[in-house]
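Presented below is the structure to which this report refers.
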Amino acid sequence: MDDYPYGNTLRTILGNVSSSSSGVPAELKDSYLALGYSLSDRVGTSYLEYQYESILRGAKTQYTMDDDGNYVVVKEGSRGNDIVISIDIELQKEIEKIVEEELLYTKVNDKHTEFFDRAFVVISDPNTGEILAMVGKYIKDENGEYKVYDYSQGVINATITPGSAVKAASHTVGYVTGNLKIGEVRNDACIKIAATPLKCSFTQYGNINDVQALSYSSNTYQFITAIRVGKGVYRYDKPLVLSSNAFDIYREIFAEYGLGVKTGIDLPNEISGYKGTGTAPGLLLDFSIGQYDNYTPIQMSQYINTIANNGYRMKPMLLKKVYEPDKEGLTNLIYTNTPTMLNKVNIEEKYLNRIKEGLHMVIQSGTGYGFIDNKYKAAGKTGTSQSFVDSDGDGTVDTETLSTSLVAYAPYDNPTVTFTVITPNVGTGDIQYRQMSSVNKRIAQKISKKYFEFYK
């Protein structure tokens with residue numbers, strides 16, 4: 001019988017092992033037979049159990065038959081190796097508790113949350129890629145009573161519309177292509193393209209520079225960059241023509257941060273997100289403010305890690321160490337996992353420093369004020385996005401919702417931790433007249449406080 005001493009904590013990510021009666025699942029038969037398994041063997045069938053089956057696998061007792069037809073033991077079997085993962089289980093349990101409580105509170109007390117049913121949190125070390133806590137929770141109304149289930153796998157295979165949280169990557173596009181200058185002042189007025197509605201920031205901020213554009217989360221500032229990248233000429237209420245190649249430019253640079261590509265986390269079934277197929281000019285403007293392509297929570301975590309550690313995209317990792325089995329416990333270390341850098345963002349330090357200055361302002365006095373206590377000296381970026389759900393289960397998305405996100409790191413001058421909080425479908429209505437829950441802010445406040453209680 002399998003033993004899970006922490007109950008449902010991180011349950012779906014730990015994965016499953018096949019039963020003695022079922023053996024190797026049919027869909028995994030070919031891969032396991034090629035590795036020398038028998039169809040009757042118990043094997044890892046999902047997530048960590050599957051990912052590290054070759055390490056966790058024990059050795060069978062080997063027999064031979066003597067001249068009298070008796071079986072003789074040639075080699076005694078042994079249990080598999082032990083692995084140690086990066087998750088701080090006590091922190092994990094506390095973060096799961098916070099997310100569960102906030103899901104229940106929000107569904108009962110906050111308005112416009114009829115489509116809100118999940119939340120994700122990732123806490124990571126930006127310098128190594130180690131994941132300290134990885135939480136996904138799903139809430140469901142069952143006969144008039146809300147119940148919360150583990151949905152940790154959603155961290156790597158659920159997509160979200162990030163909104164303004166990705167504007168640091170959009171700023172990077174502007175800087176590295178020469179379409180944004182340090183200190184450049186632009187007027188935050190609405191954009192009007194012929195035959196389309198106005199495209200505006202949530203509030204018009206007047207003349208602002210590049211740092212203020214991040215702090216206030218200006219949409220128009222990003223629109224101007226996108227138009228320049230697309231080699232277009234903007235005139236009020238006139239048609240706008242942009243080069244479709246601009247999408248490739250944005251996506252290539254976003255990928256350097258881990259957005260729109262697999263992060264390399266040591267788990268099976270990771271997806272790369274959702275990539276829009278249209279190339280209309282208005283869609284490029286939407287892309288620049290995080291309103292087009294969709295990403296996974298783990299991609300958002302890798303993105304903020306990359307900013308925090310000065311541009312190095314680190315592979316997220318769960319495995320830390322491997323020990324040989326020993327009755328005395330974890331005594332014989334045989335393998336230590338080392339951090340893996342996947343790439344470095346092609347951006348000059350002066351530009352990255354400018355971005356980080358803007359992200360610091362976001363938390364200290366901008367749109368992210370109050371999300372993390374200022375005493376922790378955090379920096380980060382909030383996001384609010386228009387998203388859509390299938391309200392009647394017919395397979396077609398038909399209802400507009402609002403989703404919120406936060407990516408942050410602390411302390412801003414020497415980052416040791418990042419926080420990613422994703423709360424889809426927390427409100428309804430047009431983004432200019434938003435009506436939504438503040439659950440993202442509440443979760444961010446509580447998980448950051450809890451982290452610093454653990455790691456003072």
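The values are calculated or read from the model by the stated rules, or taken from the named source; none is laboratory data. All of these numbers come straight from a predicted model, not from anything done at the bench. Note that we place each Cβ from the backbone using ideal geometry, even for glycine, and neighbour counts take in every protein chain shown. Surface areas here come from the heavy atoms of the whole protein model, side chains and all, with no ligands, DNA or RNA. Shrake-Rupley method; radii C 1.70, N 1.55, O 1.52, S 1.80 Å.
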Summed residue charge, Cβ within 13 Å of Ala246's Cβ, Lys/Arg positive, Asp/Glu negative: 0
Rough spin-label spacing in nm, given labels placed 7 Å along Cα→Cβ, for Asn353 and Glu90: 3.9
Extension gain, Gln364 back to Glu142 (0.36 nm per residue minus Cα-Cα distance, nm): 75.8 nm
Straight-distance crosslink candidates among lysines, where the alpha carbon sits under 18 Å from Lys344 and sequence neighbours closer than 8 are dropped: Lys262, Lys315, Lys356
Neighbourhood charge, 15 Å Cβ-Cβ cut-off, centred on Met317 and excluding it, Lys, Arg +1 and Asp, Glu -1: 0
Segment 296-352: radius of gyration and largest Cα-Cα distance (Dmax), Å: 16.6, 54
Sequence ranges 221-230, 186-195, ranked by mean other-Cβ count within 10 angstrom, highest first: 221-230, 186-195
Accessible area of segment 324-456 belonging to carbon and sulfur atoms, whole % at 1.4 Å probe: 47
Average accessible area per residue (Å²) across segment 162-218 - probe 1.4 Å, nucleic acids and ligands excluded: 34
Within the accessible area of segment 194-283 (1.4 Å probe), percent carbon and sulfur: 54
Efficiency of FRET from Cβ geometry, Met341 and Glu252, R₀ 22 Å, rounded to 0.05: 0.75
Accessible area per residue, Å², segment 313-372 with all protein chains present, probe 1.4 Å: 55
Those lysines that a straight Cα-Cα span of less than 22 Å connects to Lys446, excepting residues fewer than 8 apart in one chain: Lys93, Lys97, Lys107, Lys111, Lys137, Lys147, Lys375, Lys377, Lys381, Lys456
